[in-house]
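What follows draws every value from the coordinates through simple rules; no lab data is involved. Note that the coordinates shown come from a computational prediction; the quantities given were computed from them, not determined experimentally. Because the Cβ atoms are built from the backbone with ideal geometry, glycine has one as well, and the counts that use them run over all protein chains shown.
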Amino acid sequence: MTTQQIEELARQVESLPSQQQREVADFVAFLKTRSKPRGTPGHTLNHLIGSIPSEDLKEIMDAVNEDCSQIDWERWK
């Protein structure tokens, strides 16, 4: 936004009743939190690389592949 647009927006917000100004502030806070990534950054988990035994990884992959290849059509009705 340009400085002029920001100033116009500020004027519009200032002209609102105080309750609506609070709603604008709440909405801006919501927009700021929505744009932040959620969860744990991947690089913080690097120390776990290689900590799961390969036999367990194979079992996990087999379970995922088996379950993901099945569709419960009744559940989607």
* Asked: Under a straight-distance cross-link criterion of Cα-Cα below 14 Å, which aspartates and glutamates are reachable from K77, leaving out those fewer than 8 residues away in the same chain?
  -> none
* **W76 paired with R34, simple spin-label distance in nm, labels 7 Å along Cα-to-beta-carbon** => 2.9 nm
* Structure fact -> Simple spin-label estimate for T44/L9, 7 Å along Cα→Cβ, in nm, reads 3.0 nm
* Asked: Helix 18-34 sits at what angle to the longest principal axis of the chain, using alpha carbons and giving 0 to 90 degrees rounded to 10?
  -> 30 degrees
* Set of aspartates and glutamates with alpha-carbon distance to K32 below 18 Å, sequence-local pairs under 8 removed -> E23
* Asked: Dividing the Cα convex hull volume of the chain by residue count, how many Å³ per residue is that?
  -> 233 Å³
